[in-house]
1. Here's a check for you: in the stretch 110-123, which residue that is within 13 Å of the ligand (Cβ to nearest atom) and among the aliphatic types (A, V, I, L, M) is modelled with the lowest pLDDT?
2. Within the stretch 114-121, can one find any residue that is in a helix (DSSP H, G or I), over 20 Å from the mean Cα position of the chain (by Cα) and under 23 Å from N225 (Cβ atoms)?
3. Would it be correct to say that F36 is at pLDDT 95 or above and assigned to a loop (DSSP other than H, G, I, E, B)?
4. Which one of these is more than 16 Å from the ligand (Cβ to nearest atom), touching a Cys at 6+ places or on another chain (Cβ under 9 Å) and not β-branched (V, I, T): L126, L178, L142, L167?
5. Mind listing whichever residues of the stretch 209-240 are more than 18 Å from L179 (Cα to Cα), in contact with a Lys or Arg (Cβ under 8 Å, 6 or more places away or on another chain) and more than 16 Å from the ligand (Cβ to nearest atom)?
6. Kindly list, by first and then second residue, each pair from a residue in the stretch 213-224 that is closer than 12 Å to T184 by Cβ to a residue that is in a loop (DSSP other than H, G, I, E, B), limited to pairs with Cβ atoms under 6 Å and residues at least 6 apart or on different chains.
7. With G314, G308 as the choices, which residue is modelled with pLDDT of 95 or more, within 25 Å of L168 (Cα to Cα), crowded, with 20+ Cβ neighbours inside 10 Å and touching a Phe, Trp or Tyr at 6+ places or on another chain (Cβ under 8 Å)?
8. Please work out if I162 is in contact with a Phe, Trp or Tyr (Cβ under 9 Å, 6 or more places away or on another chain), within 16 Å of the ligand (Cβ to nearest atom) and either under 19 Å from K71 (Cα atoms) or of a type in the set (S, T, N, Q) (or both).
Amino acid sequence: MKKTGFTTRALNVPFAKQDPHKALQMPLYESVAYEFDSAEQIEANFKGDYIAHVYSRTSSPTVEYFELKMKALTNSNGVVAMNSGMTAISTTILAICKAGDNIISGHRLFGHSYALFKQSFAEFGLETRFSDFDSEIEIESLIDDKTRAIYFETVTNPQLEIADIALLSRIAKKHQLLLIADSTITPPNVFQANKFGVNLEVISTTKYISGGATSFGGALVDHGNYNWELNPNISSYTKKFKQNAFIAKIRKNIYRNTGGGMAPQTARYQIQGLDILELRVEKCYQNCMALGDYLNSNAAIKQVDYPGLEGDKGYSLAKKYFNGVPGTIMSFDLESKEACFVFMNKLQIIRRATNLNDNKSLIIHPHSTIYAEFTEDERAKAGIRDTMLRLSVGIENVEDLIEDIELALK
Ligand SMILES: *Cc1c(COP(=O)(O)O)cnc(C)c1O
């Protein structure tokens with residue numbers, strides 16, 4: 001397709017097969033299995049000579065269309081849709097590693113990603129080496145011949161720190177490692193991962209891409225820019241599948257055998273979510289900027305973190321990597337934990353909930369919730385203060401959000 005804008009492209013990705021009724025919306029195919037005309041045709045399908053949907057755990061038309069749309073919008077080599085963000089992450093790591101291998105990850109991670117690496121994978125002999133990601137020497141000291149990838153989040157949450165992607169990419173290239181980004185917070189209309197040396201993206205589409213908390217989903221995006229011969233757990237697929245070796249291993253092995261595929265009903269929501277993604281991100285961004293100005297001018301607010309704001313420590317990196325739109329989550333500090341609780345309890349429009357990128361604005365006190373299982377020392381290391389609130393900014397009329405905050409601060 002021509003180089004048109006994001007939303008125009010989103011609305012015009014062709015179906016894999018023309019709909020017999022010329023439907024404008026991709027229909028929801030709820031069938032579990034798909035029929036063949038003859039025994040010979042099934043045989044050809046199982047040999048790989050006749051491509052068709054067979055059984056919906058491995059592929060189905062509605063999910064396939066979501067994948068095609070994601071592929072077009074990320075300008076990538078291939079996309080696999082999953083039933084959650086965590087499945088996208090776990091499936092990816094299980095495909096590139098085996099027991100005894102390791103990956104290098106930032107300390108400041110989405111809580112369940114941290115738990116997955118630190119607890120679940122460790123029990124299977126898969127090690128994660130955590131880094132602060134601010135010193136080249138320190139990162140390089142963690143790499144050995146069993147290291148398979150560097151894994152990072154584009155913007156950490158709730159700290160809202162932006163990864164130095166250029167640094168990570170340089171180290172990954174030098175040591176021939178895969179570079180994996182969890183880009184959930186910065187959707188593909190603001191972050192073009194392959195421009196910055198990222199090889200794979202893992203995304204919780206539950207967040208922005210669902211259209212606003214409509215359904216659970218995940219996506220694994222392969223940018224086709226890594227030499228899979230370099231990974232001993234994938235290299236056996238390169239002879240037959242070339243640049244698609246990783247996707248082939250996912251589809252024929254981990255994804256199929258662990259059963260983490262997206263449900264067709266979910267794909268139906270998420271297709272619609274992609275249509276309106278850019279509109280929603282723009283509105284949330286405008287709201288963040290207006291709220292940032294308001295919060296910064298209010299004496300009751302001790303600190304505001306949003307890298308879209310000039311003066312924020314992440315501002316220049318936000319410009320460099322995300323066109324100035326580093327997602328639409330912000331955090332701010334009040335005087336004390338008690339002040340945070342009183343404030344939260346008075347809010348009438350902003351909802352007390354733990355999700356991100358709903359259409360509604362959501363607030364949470366991370367120290368007492370998401371980080372409740374952490375020791376005080378771990379929380380300090382993670383930069384989680386008990387005076388901090390995280391606000392996921394929605395699409396409401398911003399004057400109503402400001403009034404809600406103003407009244408709750410009184
Ligand atoms: C929510 C989230 C996940 C996990 O996604 P689920 O869809 O809840 O499984 C992973 N990474 C980040 C950055 C997230 O915000």
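The values are calculated or read from the model by the stated rules, or taken from the named source; none is laboratory data. These numbers were taken from a predicted model, which means no experiment stands behind them. Neighbour counts are summed over all protein chains in view; Cβ atoms, including those assigned to glycine, are modelled from backbone coordinates with ideal geometry.
1. First, pick out the residues of the stretch 110-123 that are within 13 Å of the ligand (Cβ to nearest atom): 110-117.
The next check asks that each one be among the aliphatic types (A, V, I, L, M); those that pass are 115-116.
Numbers: A115: 92, L116: 97.
Within the stretch 110-123, the match that is modelled with the lowest pLDDT is A115.
2. no
3. On the way: at pLDDT 95 or above: yes; assigned to a loop (DSSP other than H, G, I, E, B): yes.
Against the criterion (at pLDDT 95 or above and assigned to a loop (DSSP other than H, G, I, E, B)), F36 qualifies.
4. On the way: L178 fails: touching a Cys at 6+ places or on another chain (Cβ under 9 Å); L142 fails: touching a Cys at 6+ places or on another chain (Cβ under 9 Å); L167 fails: touching a Cys at 6+ places or on another chain (Cβ under 9 Å).
Just one listed residue meets the conditions, L126.
5. Residue satisfying the conditions is Y237 alone.
6. As it stands, the answer is G217/T205; G217/T206; G217/M262; G218/S84; G218/T205; A219/T205; V221/S76, since those pairs meet every condition given.
7. Result: G308 is the single residue among G314, G308 that is modelled with pLDDT of 95 or more, within 25 Å of L168 (Cα to Cα), crowded, with 20+ Cβ neighbours inside 10 Å and touching a Phe, Trp or Tyr at 6+ places or on another chain (Cβ under 8 Å).
8. Values: in contact with a Phe, Trp or Tyr (Cβ under 9 Å, 6 or more places away or on another chain): yes; within 16 Å of the ligand (Cβ to nearest atom): yes; either under 19 Å from K71 (Cα atoms) or of a type in the set (S, T, N, Q) (or both): no.
Spelling it out, it is not the case that I162 is in contact with a Phe, Trp or Tyr (Cβ under 9 Å, 6 or more places away or on another chain), within 16 Å of the ligand (Cβ to nearest atom) and either under 19 Å from K71 (Cα atoms) or of a type in the set (S, T, N, Q) (or both).
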